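Report on the structure given below.
The values are calculated or read from the model by the stated rules, or taken from the named source; none is laboratory data. Just so it is clear, the structure is predicted and the values come from calculations on it, not from any experiment. Backbone-built Cβ (ideal geometry, glycine too); neighbour counts: all protein chains shown. In case anyone asks, the SASA skips ligands and DNA or RNA and just uses the protein heavy atoms, side chains included. Shrake-Rupley method; radii C 1.70, N 1.55, O 1.52, S 1.80 Å.
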Amino acid sequence: MSTIAETVAQRAAFFSYGPDGSVPFVSKMQGSWTLVDEPARPEVRNKTLADLCHIRRIEMRPDHQPLPILTAHVADTSSEQDRPVPALQDEFELRLAGDGELLRVALHDPLTEVKQDPERFRAPPAAKDDLVAKRLQQAAIARYRQATLSFVSPVTLVSIDDDTFIETPKNPWSQASSYGTGPAAFKRYWMRCPEN
(Lines give C-alpha, C1' and ligand atoms only; values in the text may rest on other atoms or scores of the structure.)
Protein backbone atom coordinates (compact mmCIF):
# COMPACT_ATOMS: atom_id res chain seq x y z
CA MET A 1 0.00 0.00 0.00
CA SER A 2 1.55 3.30 -1.02
CA THR A 3 1.30 6.39 1.12
CA ILE A 4 -0.16 9.68 -0.04
CA ALA A 5 3.35 11.15 -0.18
CA GLU A 6 4.52 8.29 -2.45
CA THR A 7 1.50 8.73 -4.74
CA VAL A 8 2.08 12.48 -5.01
CA ALA A 9 5.79 11.89 -5.73
CA GLN A 10 4.94 9.35 -8.48
CA ARG A 11 2.50 11.77 -10.13
CA ALA A 12 5.03 14.60 -9.95
CA ALA A 13 7.77 12.39 -11.44
CA PHE A 14 5.50 11.58 -14.42
CA PHE A 15 5.70 15.23 -15.55
CA SER A 16 9.29 15.93 -14.44
CA TYR A 17 12.71 15.53 -15.98
CA GLY A 18 14.45 12.39 -14.79
CA PRO A 19 18.21 12.06 -14.03
CA ASP A 20 18.80 11.02 -17.68
CA GLY A 21 16.95 14.09 -18.99
CA SER A 22 13.89 12.15 -20.17
CA VAL A 23 10.28 12.76 -19.09
CA PRO A 24 8.12 9.65 -18.42
CA PHE A 25 5.01 11.36 -19.80
CA VAL A 26 6.54 11.47 -23.31
CA SER A 27 7.06 7.71 -23.58
CA LYS A 28 3.90 6.67 -21.68
CA MET A 29 1.51 8.89 -23.66
CA GLN A 30 2.67 7.80 -27.13
CA GLY A 31 0.24 5.73 -29.17
CA SER A 32 -3.45 5.68 -30.04
CA TRP A 33 -6.05 7.26 -27.76
CA THR A 34 -9.71 8.08 -27.89
CA LEU A 35 -10.90 11.28 -26.23
CA VAL A 36 -14.29 11.45 -24.52
CA ASP A 37 -15.60 14.83 -23.40
CA GLU A 38 -19.04 13.80 -22.16
CA PRO A 39 -19.07 10.17 -20.97
CA ALA A 40 -22.61 10.40 -19.57
CA ARG A 41 -24.20 11.00 -22.99
CA PRO A 42 -26.15 7.88 -24.13
CA GLU A 43 -24.41 7.76 -27.54
CA VAL A 44 -21.10 7.50 -25.67
CA ARG A 45 -22.15 5.40 -22.67
CA ASN A 46 -23.48 2.57 -24.88
CA LYS A 47 -20.35 2.26 -27.04
CA THR A 48 -17.42 -0.10 -26.66
CA LEU A 49 -13.87 1.23 -26.47
CA ALA A 50 -13.28 -0.05 -30.04
CA ASP A 51 -16.36 1.92 -31.23
CA LEU A 52 -15.13 5.08 -29.54
CA CYS A 53 -11.68 4.61 -31.09
CA HIS A 54 -13.30 4.30 -34.53
CA ILE A 55 -15.28 7.53 -34.06
CA ARG A 56 -12.59 9.68 -32.43
CA ARG A 57 -8.97 8.50 -32.32
CA ILE A 58 -5.74 10.42 -32.12
CA GLU A 59 -2.16 9.23 -32.45
CA MET A 60 0.27 10.87 -30.01
CA ARG A 61 3.80 11.16 -31.44
CA PRO A 62 7.04 12.75 -30.22
CA ASP A 63 7.57 14.78 -33.43
CA HIS A 64 10.02 17.18 -31.78
CA GLN A 65 12.43 14.91 -29.88
CA PRO A 66 14.28 15.42 -27.61
CA LEU A 67 11.85 18.16 -26.51
CA PRO A 68 9.07 16.98 -24.15
CA ILE A 69 6.32 17.66 -26.71
CA LEU A 70 3.74 15.20 -28.01
CA THR A 71 1.73 16.03 -31.14
CA ALA A 72 -1.80 14.71 -31.64
CA HIS A 73 -2.60 13.47 -35.15
CA VAL A 74 -6.20 12.57 -36.01
CA ALA A 75 -6.19 8.86 -36.88
CA ASP A 76 -9.84 7.79 -36.94
CA THR A 77 -11.68 6.76 -40.08
CA SER A 78 -15.04 8.33 -39.31
CA SER A 79 -16.62 11.22 -41.22
CA GLU A 80 -16.81 14.76 -39.82
CA GLN A 81 -20.55 14.18 -39.20
CA ASP A 82 -19.86 11.16 -36.99
CA ARG A 83 -17.14 12.84 -34.90
CA PRO A 84 -18.36 14.51 -31.70
CA VAL A 85 -15.95 17.43 -32.35
CA PRO A 86 -14.32 18.70 -35.57
CA ALA A 87 -11.04 16.96 -36.44
CA LEU A 88 -9.20 20.31 -36.28
CA GLN A 89 -10.01 20.49 -32.56
CA ASP A 90 -8.14 17.23 -32.01
CA GLU A 91 -4.93 18.48 -33.63
CA PHE A 92 -2.85 19.87 -30.79
CA GLU A 93 0.39 19.53 -28.90
CA LEU A 94 0.93 18.66 -25.27
CA ARG A 95 4.02 20.61 -24.22
CA LEU A 96 5.81 20.22 -20.94
CA ALA A 97 7.06 23.74 -20.15
CA GLY A 98 8.81 22.80 -16.91
CA ASP A 99 8.40 20.27 -14.13
CA GLY A 100 4.66 19.71 -13.75
CA GLU A 101 3.71 22.51 -16.20
CA LEU A 102 1.72 20.96 -19.04
CA LEU A 103 0.22 23.06 -21.85
CA ARG A 104 -2.30 22.04 -24.48
CA VAL A 105 -1.58 24.10 -27.62
CA ALA A 106 -3.96 24.08 -30.58
CA LEU A 107 -2.22 23.56 -33.93
CA HIS A 108 -4.91 25.64 -35.64
CA ASP A 109 -5.67 29.11 -34.31
CA PRO A 110 -9.26 29.00 -32.97
CA LEU A 111 -9.56 32.73 -33.70
CA THR A 112 -9.43 32.09 -37.45
CA GLU A 113 -13.14 31.18 -37.38
CA VAL A 114 -13.91 34.08 -35.03
CA LYS A 115 -12.18 36.55 -37.35
CA GLN A 116 -14.25 35.30 -40.30
CA ASP A 117 -17.50 36.13 -38.46
CA PRO A 118 -16.55 38.83 -35.94
CA GLU A 119 -20.13 40.04 -35.46
CA ARG A 120 -20.97 36.76 -33.71
CA PHE A 121 -18.56 37.67 -30.93
CA ARG A 122 -19.31 41.39 -30.65
CA ALA A 123 -20.06 42.50 -27.09
CA PRO A 124 -23.47 44.21 -27.29
CA PRO A 125 -23.96 47.57 -25.57
CA ALA A 126 -25.62 47.52 -22.14
CA ALA A 127 -27.07 50.36 -20.12
CA LYS A 128 -26.14 50.46 -16.42
CA ASP A 129 -29.61 49.52 -15.19
CA ASP A 130 -30.44 46.91 -17.89
CA LEU A 131 -29.61 43.60 -16.19
CA VAL A 132 -30.59 41.42 -19.16
CA ALA A 133 -28.40 43.40 -21.56
CA LYS A 134 -25.56 43.31 -19.00
CA ARG A 135 -25.85 39.53 -18.80
CA LEU A 136 -25.81 39.21 -22.61
CA GLN A 137 -22.76 41.48 -22.75
CA GLN A 138 -20.94 39.40 -20.10
CA ALA A 139 -21.78 36.18 -21.98
CA ALA A 140 -20.43 37.60 -25.26
CA ILE A 141 -17.21 38.72 -23.55
CA ALA A 142 -16.83 35.27 -21.93
CA ARG A 143 -17.33 33.49 -25.31
CA TYR A 144 -14.68 35.65 -26.98
CA ARG A 145 -12.30 35.19 -24.03
CA GLN A 146 -12.76 31.40 -24.13
CA ALA A 147 -12.01 31.30 -27.88
CA THR A 148 -8.94 33.52 -27.40
CA LEU A 149 -7.50 31.54 -24.48
CA SER A 150 -8.28 28.13 -25.98
CA PHE A 151 -5.24 28.41 -28.27
CA VAL A 152 -2.98 27.67 -25.28
CA SER A 153 -4.43 26.17 -22.13
CA PRO A 154 -2.58 24.96 -19.03
CA VAL A 155 -3.90 21.49 -18.20
CA THR A 156 -3.44 18.68 -15.73
CA LEU A 157 -3.49 14.99 -16.65
CA VAL A 158 -4.32 12.61 -13.82
CA SER A 159 -3.65 8.92 -14.30
CA ILE A 160 -6.36 6.46 -13.32
CA ASP A 161 -4.22 3.61 -14.66
CA ASP A 162 -1.66 3.20 -17.46
CA ASP A 163 -4.39 3.32 -20.11
CA THR A 164 -6.78 5.96 -18.71
CA PHE A 165 -6.19 9.62 -17.91
CA ILE A 166 -8.40 12.57 -17.03
CA GLU A 167 -7.49 15.95 -18.51
CA THR A 168 -8.75 19.08 -16.78
CA PRO A 169 -7.84 22.66 -17.60
CA LYS A 170 -6.19 24.68 -14.87
CA ASN A 171 -7.60 28.13 -14.12
CA PRO A 172 -5.41 30.14 -16.48
CA TRP A 173 -4.22 33.69 -16.21
CA SER A 174 -5.40 34.43 -12.66
CA GLN A 175 -8.99 33.45 -13.37
CA ALA A 176 -10.87 33.05 -10.11
CA SER A 177 -12.19 29.55 -9.56
CA SER A 178 -15.51 28.68 -8.02
CA TYR A 179 -16.75 25.27 -6.95
CA GLY A 180 -18.26 23.19 -9.76
CA THR A 181 -17.91 25.84 -12.46
CA GLY A 182 -15.31 27.25 -14.78
CA PRO A 183 -12.69 25.36 -16.70
CA ALA A 184 -11.93 22.89 -13.89
CA ALA A 185 -15.51 21.58 -14.10
CA PHE A 186 -14.73 20.24 -17.61
CA LYS A 187 -13.11 16.83 -17.82
CA ARG A 188 -11.77 15.08 -20.92
CA TYR A 189 -11.17 11.34 -20.61
CA TRP A 190 -8.23 9.75 -22.44
CA MET A 191 -8.53 6.00 -23.04
CA ARG A 192 -5.86 4.01 -24.82
CA CYS A 193 -7.15 2.32 -27.96
CA PRO A 194 -6.66 -1.44 -28.25
CA GLU A 195 -4.05 -2.66 -30.75
CA ASN A 196 -6.07 -3.16 -33.94
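Mind checking which pairs have a first residue in region 38-54 that is closer than 16 Å to Arg192 by Cα and a second that is open to solvent by less than 90 Å² (accessible area, probe 1.4 Å) and assigned to a helix (DSSP H, G or I), Cβ under 6 Å, 6 or more apart or different chains?
Taking only residues 6 or more apart or on different chains, not a single pair turns up.
Being part of a helix (DSSP H, G or I) and surrounded by 12 or more Cβ atoms within 10 Å (Cβ to Cβ) is the filter here; which residues of region 123-137 pass it?
The answer is Ala133, Lys134, Leu136, Gln137.
Would you mind stating whether Ser27 is at pLDDT 90 or above, open to solvent by 50 Å² or more (accessible area, probe 1.4 Å), farther than 21 Å from Val152 by Cα and among the hydroxyl-bearing types (Ser, Thr, Tyr)?
Criteria met by Ser27.
If you scan region 150-163, which residues turn out to be free of Cβ contacts under 8 Å to residues at least 40 places away in the same chain and surrounded by 14 or more Cβ atoms within 10 Å (Cβ to Cβ)?
Answer for region 150-163, where residues must be free of Cβ contacts under 8 Å to residues at least 40 places away in the same chain and surrounded by 14 or more Cβ atoms within 10 Å (Cβ to Cβ): just Asp163.
Quick one: how many residues across region 54-78 are over 20 Å from Val36 (Cβ atoms) and either of a type in the set (Val, Ile, Thr) or surrounded by 19 or more Cβ atoms within 10 Å (Cβ to Cβ) (or both)?
Counting residues in region 54-78 that are over 20 Å from Val36 (Cβ atoms) and either of a type in the set (Val, Ile, Thr) or surrounded by 19 or more Cβ atoms within 10 Å (Cβ to Cβ) (or both) gives 3.
Hey, does region 132-155 have a residue that's modelled with pLDDT of 85 or more and under 12 Å from the mean Cα position of the chain (by Cα)?
yes
Just to check your reading of the model, which residue among Leu88, Leu102 is open to solvent by 70 Å² or more (accessible area, probe 1.4 Å) and within 30 Å of Asp51 (Cβ to Cβ)?
Leu88
If you take the residues of region 30-53 that are among the polar types (S, T, N, Q) and open to solvent by 60 Å² or more (accessible area, probe 1.4 Å), which of them is nearest to Leu67 (Cα to Cα)?
Gln30
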